[in-house]
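The values are calculated or read from the model by the stated rules, or taken from the named source; none is laboratory data. What you are looking at is a predicted structure, and each value in this text was computed from that prediction instead of being measured. Every residue, glycine as well, gets a Cβ built from its backbone with ideal geometry; the counts of neighbours run over all protein chains shown. Accessible surface is based on the protein model in full, side chains and every heavy atom, while ligands, DNA and RNA are left aside. Shrake-Rupley method; radii C 1.70, N 1.55, O 1.52, S 1.80 Å.
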Amino acid sequence: IRDLGSLKYFLGIEVTRSKAGIFLNQRKYALEILQDTGLLASKPVTTPLDYNHTLVADHGEVLSDPTSYRRLVGRLLYLTVTRSDITYAVNLLSQFMSSPCDTHWQAALRVVRYIKYVPDHGILLSSNSSLRLHAYCDADWASCPTSRRSTIGYCIVLGPSLLCWRTKK
């Protein structure tokens, strides 16, 4: 066993220690996604999805090669490890993996442009938090326009840090 020093980078997650606590982010990974999609010089947007977005299964022209869409959404899924702000959008995009359309591709690119707006967003594990455990849950009723199924989500917060979250249709 070798001592490699203090942890700075592990599995694409950057670890920064300070008196405030431990900060986890995936800035380098986010910038790699921007570079791979060719949106490094694009104009950033302030929200991951359009307001009043409506993504449905057969709305638009089906992509001839869905490999790039699947790869991008998979990379965005891994980015949600430290980026809870894009979780809803990525969950919505992942519902169209079998036959994505051009509207889904444009929505995925919008999420990437949002990542450009805040590439170093992450999770702070505070060193002086109250360690109070909070849980939040929310659900909508039959919001999916095609299947009329509901979406439920929850998150568990310990002090100021988000511990886990999940959404399910």
Most mobile of ILE115, ILE33, ILE22 in a GNM of the chain (Cα contacts under 10 Å): ILE22
The chain: angle of helix 102-117 to the longest principal axis, Cα-based, in degrees nearest 10: 30 degrees
Among THR46, THR82, VAL111 - extreme Cα towards positive end, dipole of the chain, charges at beta-carbon: THR82
FRET efficiency, GLN35 to SER94 (Cβ-Cβ, R0 25 Å, nearest 0.05): 0.65
With Cα atoms, 0 to 90° folded angle of helix 27-37 axis to the chain main axis: 20 degrees
Surface accessible to a 1.4 Å probe, per residue, for the residues of region 31-110, Å²: 53 Å²
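Taking the square root of 5 times each eigenvalue of the Cα gyration tensor, what semi-axes in Å does the equivalent ellipsoid of region 13-169 have, largest first? Before the final figure, lay out each step's value.
Details: eigenvalues 167, 92, 25 Å².
Here the semi-axes work out to 29, 21, 11 Å.
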Region 59-102 pair-distance distribution - Cα-Cα, 5 Å bins, rounded %: 5, 25, 30, 21, 13, 6, 1
Accessible surface of the chain [probe 1.4 Å, protein heavy atoms]: carbon and sulfur percent: 56 percent
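Report the charge-dipole magnitude of the chain in Debye, nearest 20, computed about the Cα centre from +1 at each Lys and Arg Cβ and -1 at each Asp and Glu Cβ.
Rounded to the nearest 20 debye, it is 520 debye.
Work through the residues other than LYS8 whose Cβ is under 10 Å from its Cβ and net out their charges, Lys, Arg +1 and Asp, Glu -1. Display every interim value, and only then the final one.
Numbers: positive: ARG17; negative: GLU14.
Charge balance near LYS8 sits at 0.
Which length gain, in nm to one decimal place, applies between VAL157 and ASP65 when the Cα-Cα distance is subtracted from 0.36 nm times their residue separation? Please report the intermediate quantities before stating the final value.
Values: separation 92, 0.36 × 92 = 33.12 nm, distance 3.98 nm.
Value of the extension gain: 29.1 nm.
Taking the Cα centre as origin and putting +1 on Lys and Arg beta-carbons and -1 on Asp and Glu beta-carbons, what dipole magnitude results for region 10-95, to the nearest 20 debye? Present the calculation step by step, with values, prior to reporting the outcome.
On the way: 9 positive and 8 negative charges, 113 e Å.
Charge dipole of region 10-95: 540 debye, to the nearest 20.
Roughly how many debye, to the nearest 20, is the charge dipole of region 79-139 about its Cα centre, given +1 on each Lys and Arg Cβ, -1 on each Asp and Glu Cβ, and no other charges? Write out the running numbers ahead of the final one.
Details: 5 positive and 4 negative charges, 23 e Å.
Dipole of region 79-139, to the nearest 20 debye: 120 debye.
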Förster-model FRET efficiency, 25 Å R0, THR167 and THR16, C-beta, rounded to 0.05: 0.35
Inter-part distance where region 27-70 and region 146-163 are each reduced to a Cα centre, Å: 23 Å
